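Input: a single structure, listed below in structure tokens.
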Amino acid sequence: MSTSQIKLYSNKLYPLNNIDSVLEQARIFARSYGLQPLKILEIKDADIKAKLLSRQNNPKKSSSTQHLVVLAIKPVITSDHIDDFISDIRASKKITGHSLNNYRRHIKSLLNRKEGAHWPSRQAYQALDILSSSAKDAGAGLRLIADFNTEIFDEELGLSKDGFTVYIVVLLSLTESRCTWNSVIEANN
């Protein structure tokens with residue numbers, strides 16, 4: 001007879017300094033040629049968190065002992081967006097002339113390819129992968145929330161005004177040591 005392993009989630013809030021380092025790992029990975037089509041937000045306000053998760057099918061599992069993390073994307077990156085980005089680089093670094101034109105053409109050529117339409121969502125999944133790995137290394141568990149209300153998240157977090165929308169929602173919490181189904185059954189008897 002084989003046993004399956006499960007994770008038990010602790011009732012302790014994940015230490016803030018640890019959550020910051022886990023989130024920072026996902027924020028700093030090299031992405032999108034600097035275009036930043038991804039925002040990673042930790043929702044700390046208990047009232048906002050409760051409102052955002054109120055439509056979830058199983059809100060009881062989304063306790064105050066878990067950190068709510070939102071990955072929002074800018075679903076459409078236009079040629080104008082790239083031009084503005086290049087202009088900002090020129091202004092902030094005081095670059096004159098045409099030295100960034102090849103960079104601009106390269107980015108635009110990527111977006112014109114078929115896979116360019118999925119670029120922001122791929123960035124979100126890469127960040128989720130890093131977030132999951134970093135959380136595991138730090139002793140935290142990550143639970144994906146699949147049934148969230150996009151309109152409520154976008155409105156409550158003010159994402160639409162900057163052209164962003166919520167794409168992935170996760171809860172982070174401490175995990176107890178792995179155990180088998182048999183030990184869970186024994187503990188409940």
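Would you confirm, using the coordinates I've provided, whether LYS93 is touching a residue at least 24 places away in the same chain (Cβ under 8 Å), out of contact with any Cys (no Cβ under 8 Å at 6 or more places or on another chain) and not small (Gly, Ala, Ser)?
Details: touching a residue at least 24 places away in the same chain (Cβ under 8 Å): no; out of contact with any Cys (no Cβ under 8 Å at 6 or more places or on another chain): yes; not small (Gly, Ala, Ser): yes.
Spelling it out, it is not the case that LYS93 is touching a residue at least 24 places away in the same chain (Cβ under 8 Å), out of contact with any Cys (no Cβ under 8 Å at 6 or more places or on another chain) and not small (Gly, Ala, Ser).
Looking only at residues that are out of contact with any Gly (no Cβ under 9 Å at 6 or more places or on another chain) and assigned to a loop (DSSP other than H, G, I, E, B) in region 75-101, which one is nearest to ASN112 (Cα to Cα)?
Result: THR78.
Suppose the filter is polar (S, T, N, Q), within 28 Å of GLU155 (Cβ to Cβ), exposed (fewer than 15 other Cβ atoms within 10 Å of the Cβ) and modelled with pLDDT under 85; does SER54 pass it?
Details: polar (S, T, N, Q): yes; within 28 Å of GLU155 (Cβ to Cβ): yes; exposed (fewer than 15 other Cβ atoms within 10 Å of the Cβ): yes; modelled with pLDDT under 85: yes.
Taking the combined requirement at face value, the residue satisfies it.
List the helices (runs of 4 or more DSSP H) inside region 117-189, counting only whole elements, that have at least 1 residues being small (Gly, Ala, Ser), out of contact with any Leu (no Cβ under 7 Å at 6 or more places or on another chain) and modelled with pLDDT of 85 or more. Before the answer, list the steps.
Numbers: elements: 119-137, 150-157, 181-188.
Because the criterion is at least 1 residues that are small (Gly, Ala, Ser), out of contact with any Leu (no Cβ under 7 Å at 6 or more places or on another chain) and modelled with pLDDT of 85 or more, the helices (runs of 4 or more DSSP H) in region 117-189 that meet it are 119-137.
Looking for something of a type in the set (Phe, Trp, Tyr) and either in contact with a Phe, Trp or Tyr (Cβ under 9 Å, 6 or more places away or on another chain) or over 30 Å from SER173 (Cβ atoms) (or both) - is there at least one such residue anywhere in region 77-97?
yes
The values are calculated or read from the model by the stated rules, or taken from the named source; none is laboratory data. Predicted, not measured: the structure shown is a model, and the values here were computed from it. Cβ atoms come from the backbone with ideal geometry, glycine included; neighbour counts cover every protein chain shown.
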